[in-house]
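What follows is one structure encoded as structure tokens, with my remarks underneath.
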Amino acid sequence: MWKDWFFYTRSQRRAIVILLVFLVLLIFLLTGEKMSKGKMEIKVEPLLIADSLYSKVETDRIERERNYKSKTYRREWTASVKDNKRNITSEKVVNDEIRKDSLRFPKQEKYSPGIIIDVNTADTSILKKIPGIGRVISRNVVNYRNRLGGFYDVRQLLEVKYVDSTLLVWFQVKSGVFRKINVNKADIDELRSHPYMDFYKAKSIIDFRRKRGRISSISQLSMFKEFTEEDIARLEHYLSFE
């Protein structure tokens, strides 16, 4: 066959080559068209599958959102119901306590204007009859009076917590100071427990007694650097030098 090829003329060989090339191109075209049709057919199926998957995913998402909102609503509703029950319970407890207090401490009858009370003898039940004074202030007055040993001036009431000047019109000092501290016998704890004393004042008295003996008068205390003129003026009502 190859020997016969060389017997053809140049123009004949060229025509055969062109024919062969044409046949090859025709075969490629036909083969490519079939492959493209197959590809088109194959592409349709993935699109259908993708659409179905998307639909399923979207359906699941909507269902999850619906379940989440339902659970959130139930949780908020439950919390709201619990809060309401808790508030009702708290209000009931407060109301019960108020009712118990009203039964335990009935409404106090108050004095009319013009009544004057001895500040050194009135107990808490009498003090609570004064307008503006309740359990707390009456207890504070009695406790501070006991620490002092009695009031010598009604203005000392202003040193009591929660007492203001409007309450002073109800009081006067009829009986004097009922307890004094013996400067030459009291120990440091008894001295420092008085509201007008402190540790340093008490210590100066103890040190002087230990070194020099008895203290004769309040004027002797005025020479101690720990005592001011105001201290001396207030303490002279509560100290004895026997």
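Starting from the Cα of S240, step 7 Å toward the Cβ, then list every residue of the range 184-210 with an amide N under 13 Å from that point. Under cut-off, by backbone N: 184-186.
Highest mean packing comes first when the peptides 202-215, 140-153 are listed by Cβ atoms within 10 Å, giving 140-153, 202-215. Quick note on the range 152-242: its Rg to Rh ratio, both from C-alpha atoms and Rh being the Kirkwood radius, is 1.03.
Only the coordinates and a few stated rules stand behind these numbers; no lab work does. Model, not experiment: these values are computed from the prediction. Cβ atoms come from the backbone with ideal geometry, glycine included; neighbour counts cover every protein chain shown.
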